[in-house]
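Only one structure is covered here, and it is reproduced in the block below.
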């Protein structure tokens, strides 16, 4: 974000449009299968945003896990619940929810633009992968282990819940 | 015009709002789960952008984002399994009709 | 530099051209032109290999089956793939009336793009690569995992039961085989200590196929599953479900699937070469020649398997992935980690 290259600016707006457009497609589309594809587009835009933020490891993980795996799960759930064509209906909170959303967005924008963020604490590491690895297996090793236990529990739990009797 | 930290934070806020609106105002349980994923991702943008600006040497925000992705993967697996189980029992995944615990 | 130096590593040629260009053009022009040359040559190489592979596969399988194979169009039938390509391109692309049109049209393109993207990181020589990412290995698998969604898009939007059956099988298979595929490469990454593809080749004093034999085995078989190649090709099993997910596609849309499939296959050969066969390393011949020779060898192995093995059933296929490949890959990771901890 510290460069003034016009390419970065253009790329930022393209990826933002992809992200927000995909998200809007998920919410405002009627066809569930299209909604899932919009979700994939949104995840792609986010991967691009991570590249712009020089978080290359996260960008690749985003594509691998979200666009490659989670979207497949979602598509499968849509297929198995058989409500595809007009399955994406509104409930009674359509109006109040929009009002709440706009109010929240205005509040967030007010806070974000009004804050003086403390920036500029040293250079960005050249090799994010090894820095990230030292962080995860150093100070954050306990949360890392807990996350792996969580994944195992989720794996077993998902199988037991979804299994047919 | 250069892209600053604020641009990323505004993007994050907009994405979070869209996700929140969808999670509030949709009937289909799978859509609600998708919107939850969008909100997770909005939080991740904020984490990564802030670590890029505030603490670039330790990358704490990226570590957090990785944990968020892990938890999101676990959440979506269990969530969709629950949706499937509910569909098998009730023949619907309309979140407004699944009200057995409500009176 | 002599002519031989230029031929030894073709990137020297591009470098010389860039030097000549920079004598009168501004820096950003040189940057873009050199980048475009790199991308265009890689793309052409990847896509033209489809034609080559088409010919090689038919010829080799024919000889396995004691036939001659294509031998009418051109000398030794060399023009047969060109004739076929022209024939298919001249056909009308038919869109089913009930198809989900936007998704149906988008699916072939969405299948084609991730198939050519991994070529960006393949190191033909230490210099001949479009980009040396420091997350190269993960990038490769991320692009590989993107192959699933377009197949599902095609199967769903066709509104055809065979297409949908093929797509369901494809997703079950590819999701299952991705897990052992990624795990099998962890041993290589631990041994090399880097995620960059160039770094992995440079770390291979001994080709990793010897110390990482278990990883190689799992990667080879799981790659077959990920590529949907025979004997693991139930999603296009023509005796059961016509042509699987691309049953309804014709004309240039079918060509895109065809190119995507063979480009995946070549990329897979290139990755086996890079990860396990020491990439460009070898005596005498220029590095890129070694690389292509090793790729051809891996491709020959794939055709050999296709010619000799019968197709698996879907339950056998899934239990192969979860009950054999996954435990072996985990054992390999454990043994490699302990080995590196003690001896490294």
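The values are calculated or read from the model by the stated rules, or taken from the named source; none is laboratory data. Quick caveat: nothing in here was measured; it's all calculated off a predicted structure. Cβ atoms come from the backbone with ideal geometry, glycine included; neighbour counts cover every protein chain shown.
Below is a table of values for the structure above.
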read-out: Single residue of region B:69-91 satisfying the filter (more than 8 Å from chain A (Cβ to nearest Cβ) and surrounded by fewer than 18 Cβ atoms within 10 Å (Cβ to Cβ)) that is nearest to residue A:155 (Cα to Cα); value: B:89
read-out: Unique residue being more than 20 Å from residue C:291 (Cα to Cα) and modelled with pLDDT of 85 or more when the list is C:72, C:58; value: C:58
read-out: Residue match in region B:29-39 (condition: at the interface with another protein chain (Cβ under 7 Å from one of its Cβ atoms), assigned to a helix (DSSP H, G or I) and touching a strand residue (DSSP E or B) at 6+ places or on another chain (Cβ under 8 Å)); value: yes
read-out: Of all residues in region A:3-60 being in contact (Cβ under 8 Å) with a residue 60 or more places away in the chain and in a loop (DSSP other than H, G, I, E, B), the one that is farthest from the other protein chains (Cβ to nearest Cβ); value: A:54
read-out: Of all residues making up region B:11-24, the number that are within 12 Å of residue A:19 (Cβ to Cβ) and at the interface with another protein chain (Cβ under 7 Å from one of its Cβ atoms); value: 5
read-out: Which listed residue is outside any helix (DSSP H, G or I) and modelled with pLDDT under 85, from C:249, C:258; value: C:249
read-out: Breaking point among (1) facing another protein chain (nearest Cβ under 8 Å); (2) surrounded by fewer than 20 Cβ atoms within 10 Å (Cβ to Cβ); (3) outside any helix (DSSP H, G or I), for residue A:88; value: (2)
